[in-house]
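Student: The structure that follows is given in the form of structure tokens.
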Amino acid sequence: MEKTAHDIIIRPIVTEKSMGQTADKKYTFEVARNVNKIEIKQAVEKVFGVKVQKVNTMNILGKKKRQGVHVGKRSDWKKAIVTLTEDSKTIEFFEGMS
């Protein structure tokens, strides 16, 4: 089954730190766990119409959570920090949030 760009990018990560990085044209997304940097770059360029310079990825391990005697675990996920080129336009999705 072919992965579409919307299957690769799950959601933007909106935190104080990630919003501070938007001034440097760095945007943070939660992405599918089974994709590589090239697929992430192509998906961001296709969805937002920007030029990507660099992609950094990291696998985040889910935290252990307790509810009384029962112990569970949040699911693991993958985070991607996408750096745009200097001449690229910004991603408008993040503009009103900072």
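Read-outs throughout are calculated quantities, based only on the coordinates presented, and are distinct from any laboratory measurement. This is a predicted model, so every value here is computed, not measured. Cβ sites come from the backbone with ideal geometry, for glycine too, and all protein chains shown count toward neighbours.
Student: Can you confirm whether the stretch 37-44 contains a residue that is of a type in the set (Gly, Ala, Ser), touching a Lys or Arg at 6+ places or on another chain (Cβ under 9 Å), loosely packed, with under 14 Cβ neighbours inside 10 Å and touching a residue at least 12 places away in the same chain (Cβ under 8 Å)?
Tutor: no
Student: Do you know which of the residues in the stretch 45-98 that are β-branched (Val, Ile, Thr) and farther than 14 Å from residue 27 by Cα is surrounded by the most Cβ atoms within 10 Å (Cβ to Cβ)?
Tutor: Once the filter is applied, the top-ranked residue is 60.
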